[in-house]
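Trainee: Pasting in a structure now, in structure tokens, and then I'll have a few things to ask.
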Amino acid sequence: MSSSAAIPGGLPDVVPMRRDPNHLGHHAAGEGESRATGHGTGGPSSKRIVVAYGFWIFLLSDIVMFAAFFAAFAVLRGGTAGGPTGAELFDIANVAIETVLLLLSSFACGVATLALNARRALLFQAAMAVTFLLGAGFLALELREFTDLVARDAGPTRSAFLSAFFTVVGCHGLHVTAGLLWLLTMMAQVFAKGFRPDILRRVMCFSLFWHALDIVWVAVFTVVYLMGSAA
Amino acid sequence: MLGKLTWSAIPFDQPIPLVAAALVGVVLLGIIAWVAVAGWLPYLWREWITSVDHKRIGVMYVLLGLVMLIRGFSDAILMRSHQALAYNALGYLPPEHYDQIFSAHGTIMIFFGAMPFMIGLMNFVVPLQLGVRDVAFPTLNSVSFWLTATGALLVNVSLVVGEFARTGWWPAPPLSETTYSPGVGVDYYLWAIQISGIGTLMSGVNLVTTILKMRAPGMSYLRMPMFCWTALASNLLIIAAFPILTATLAMLTLDRYLGFHFFTDEAGGNSMLFMNLFWAWGHPEVYILALPAYGIFSEVISTFSGKPLFAYRSMVWATLAICLLSFTVWLHHFFTMGPGGDVNGVFGITSMIIAVPTGVKIFDWMFTMYGGRVRFTTPMLWSVAFLVTFVVGGATGVLLAIPPADFVLHNSLFLVAHFHNVIVSAVVFAAFAGYAYWFPKAFGFTLDERWGKAAFWFSLVGYVWVFTPLYVVGLMGMTRRMQHFSVAEWYPWIVAASLGVIVMAVGVVCQVVQLVVSIRRREQLRDLTGDPWDGRSLEWATASPPPSFNFAVMPHVEGEEAYWAIKQRAREQARLREEPDYEPVEMPLNSPTGFVCAFFATLVGFAMIWHIWWLAALGLAGAFATFVAFAWRDRVEYEIPADAVARINRENRASRLDALQQARRKEAA
Ligand code: HEM
Ligand SMILES: [Cu+2]
């Protein structure tokens, strides 16, 4: 088919708008001053909303992944193969301290966000540092728990139950580790580049991530430690 | 130092893979040398490899899909010809090699043929149909593509270095555990799929965000073209299903690498857990592929019938219903593995319920054609053929969803015939329909219709010819994955199927010839208007190929079929709309991030397969450094000045005006 068969028409470049909200760039619909919802009324949403929304969706998918691990844990909980059970192994007091550390770190992360919004660099860095320390403390306790279990011949290769246990908890731990790396990167970025819009968006994503880890931890605490030691 | 990797990993004693790989290697080197000598490497790097333009990335995805479909087809030729020679004989392939071939065939076709093809078309088309400049996260898009390419590369490397899985495309434990599969084959599978799966997930996030948050003003949900709807549903499924696959493969990886016991026979492991998790992803995956295909057929059938899509809203509802229902049927993949009568009954019924929204769609497509002025172009031929063959495949599917029938037909060639019947007619036909339909949009000239029609007819006849005999031998009791057999009644049918593959191969050759011929005749096939098919949605409103920024000024959508209404008004008034006020456009800068990430991902994957731990650590560090470097950039955009935008747009306006006046003169005469 060649162009002679074409029945063309006008371009839809109509409705001259003062400013093109369809820009990908940081002018136009810009950094958040646009009210567009992206639902077809005012055109594409602002960059801030798009980034936050996309990151939310990513977090949802991450939670689906955790759900698969939780399902595996629930199925394999009884598969102890004659080895130790959850009731014999878990030290709930240690887990409680971990939980407190993580929740406090989320609080510190919230303070960092407030400092960011108030453009107070020093407070931001301090709050992020505290977040880091609390998160690292959480990880240290978790590592101690792991080495302790391995030393008691209750490592992940002992039974399917322990494989699932180490995987669920370890996967959360890996997320925390990645979060800590990210956190340091963000501190460095704010230090080097100041409160640039793209940096602000990244910190926002980081804090979403960090709070989501809390939510996942609550599930770990309930499904793995509480229900797991009941079995 | 090199882990498990030694010279013995290269199968010097097996001529077929080595000769094939050498051939491919020589061709690849030849192409690279040719490109280098012609001085095109900088162009490739600048305009394609580092491009973050959704159109370029879409084209690269489709190219990868095309090449891998052909690669998978070469496996199919091997399998069919082997079986034809394996009656009361051994055939020409050693058994362990045959096992690798059917595993590689399935893996490549699903993950690296069909998926990139569909994702590529969505990437290319969706932002254009939504009237926007790019996807939500352009650089991430490039990362997604290159990670997919990494996976494809790893699978193909397994041809020469080491081996591929012998477990089938779904690596069911305990067969895939170290005890029964001690080699690196399953590891190739795991890392290739894991890496490309991450790319797929990110592309899903990207497209969902684009569709939900970036539409042009006025483009409300019920004004979105059908393809955008099905793309949305498909990508929602990716987001909900791929993490399950990631987790499942991670568990198998832990079993194999660190001696965990998720799915092993001993220490409390549970292999049925794998079946459930795998198919909780696997069945939705079928619809991840099929939904965009339905969207393509909707666009093509509506355009070439010259009518709006019949019962658009019922299509939307059917799409969403399929999206939800696809998560409720996974168990039909293992009716025979002991879930029990009640459970089987429930899943049998839910499986059949999906036929209802699918039936709604079939009727909507037929009513769209009814009373329309149907033009039988190549894309339309693929679509009509789909309508006919897909109904057959669907009917055999409903048959398999009856648990007692499945007890007889499970793992037979009847099953193989069924899923090829649906997946080839839905996904592969849609792929070629979409390819021919949007090719002129991407490159500014149409594909040669005569070769396209030849490709269509040979493929269609060959495909029916191959798979009908497989239905028959399946009913006669022939199971899948047989290396040789000695049942006389099966033999003629197997020979017939092999002859059919030859016909299909002619179709594939026509497809390639079509591309070559069209490129050589591109001046005659040129389309200057940007709207060669008399299209109805916004992608036809811009020039072909579209400028990097897609639309000079953002479209304002005032009804369903966004472009059609504007075009009708232009025709009635015999003039284009007023020229807009042009403004400078900002676009994201190119970035090598995707390519560099994929380079490190390839290192990590290869190192993990061969247990070269230091290299894996190096690769991970490299990937992290890439991200930091990317995040550290200060300049991420460039500006296209308003007069450049104006100049580009005026060119297209001029040729459209020209064609408009020509059409009027013709009408008057
Ligand atoms: C183009 C023509 C094709 C032919 C002639 C063909 C032929 C075959 C044959 C002979 C088998 C092995 C059956 C057995 O187990 O004995 C097979 C398996 C399979 N094919 Fe195809 N195929 C074709 C296209 C495709 C396409 C387009 C897809 C998907 C997009 C696909 C997906 C699969 C899968 C998933 C398997 C199962 C592999 C396994 O057993 O693990 N095939 N095909
Ligand atoms: Cu299924």
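Just so it is clear, none of the values below were taken in a lab; they were calculated from the coordinates. As the structure is a computational prediction, the values presented were derived from the model and not from experiment. So basically every Cβ, Gly included, is an ideal-geometry build from the backbone, and we count neighbours across all protein chains shown.
Trainee: Can you give the average number of partner chain beta-carbon atoms within 10 Å of each beta-carbon in peptide A:57-67, as a whole number? If you can, show how the numbers build up before the last one.
Mentor: On the way: counts 10, 10, 1, 4, 13, 3, 1, 9, 9, 2, 3.
Average per residue, whole number: 6.
Trainee: Percent of alpha carbon pairs in chain B separated by more than 45 Å?
Mentor: Value for chain B: 19 percent of Cα pairs lie more than 45 Å apart.
Trainee: Any idea what the relative contact order of chain B is, in percent, if you count C-alpha pairs under 8 Å spaced at least 6 apart?
Mentor: In percent, rounded to a whole number, it is 17.
Trainee: Here's a follow-up. Once the Cα atoms of helix B:355-369 and of chain B are each reduced to a long axis, what angle between those two axes, in degrees from 0 to 90 to the nearest 10, is obtained?
Mentor: 40
Trainee: In addition: What's the average, rounded to a whole number, of partner chain beta-carbon atoms within 10 Å of each residue's beta-carbon in B:261-272?
Mentor: Average per residue, whole number: 6.
Trainee: Among B:F386, B:F102, which comes first, second and so on when ranked by fewest other beta-carbon atoms within 10 Å?
Mentor: Ascending number of Cβ neighbours within 10 Å: B:F102, B:F386.
Trainee: Could I ask something else about it? Might you report the magnitude of the Cβ-based charge dipole of chain B about its Cα centre, with Lys and Arg at +1 and Asp and Glu at -1, to the nearest 20 debye?
Mentor: Numbers: 41 positive and 42 negative charges, 337 e Å.
Computed charge dipole of chain B: roughly 1620 debye.
Trainee: Just the number: Rg to Rh for segment B:194-348, Cα atoms, Kirkwood Rh, two decimals.
Mentor: Working: Rg = 19.1 Å, Rh = 17.6 Å.
That ratio equals 1.08.
Trainee: Ok, one more. Give the relative contact order (percent, whole number) for segment A:108-231; include only Cα pairs under 8 Å separated by 6+ residues.
Mentor: Taking the mean separation of contacting Cα pairs over the length of segment A:108-231, I get 27 percent.
Trainee: Another one. Provide, as a two-decimal number, the C-alpha radius of gyration of the protein assembly as shown over 2.2 N^0.38 Å, N being how many residues it has.
Mentor: My calculation over the Cα atoms of the protein assembly as shown gives 0.96.
Trainee: Which net charge results for the neighbourhood of B:N156, defined as the other residues with beta-carbon distances under 14 angstrom from its beta-carbon, given Lys and Arg at +1 and Asp and Glu at -1? It would help to have the intermediate numbers written out before the result.
Mentor: Working: positive: B:R71; negative: B:D75, B:E163.
Counting the neighbours of B:N156, the net charge comes to -1.
Trainee: For peptide B:216-225, what's the mean number of Cβ atoms from other chains within 10 Å of each residue's Cβ?
Mentor: 4
Trainee: Related question: So what's the back-of-envelope 222 nm ellipticity for chain B, counting only DSSP H runs of four-plus at -39500 (n - 2.57) apiece and dividing by all residues, rounded to 500?
Mentor: Computed ellipticity for chain B at 222 nm equals -22500 deg cm²/dmol.
Trainee: Right, next: Determine, for B:R223, B:R480, the number of other Cβ atoms within 10 Å of each Cβ, and report the residues in order from fewest to most.
Mentor: B:R480, B:R223
Trainee: Report, ordered by chain and residue number, the lysines lying within cross-link reach of B:K441, taken as a straight Cα distance under 20 Å and ignoring same-chain residues fewer than 8 apart.
Mentor: The reachable lysines, counting only those whose Cα sits under 20 Å from B:K441, are B:K55, B:K453, B:K567.
Trainee: Under the rule a/c < 1.5 gives rounded, and otherwise a/b versus b/c splits prolate from oblate, where does segment B:484-625 land using the Cα gyration tensor?
Mentor: Here segment B:484-625 falls in the oblate category.
Trainee: Roughly how tilted is helix B:271-305, in degrees to the nearest 10 and between 0 and 90, from the longest Cα axis of chain B?
Mentor: The angle comes out near 30 degrees.
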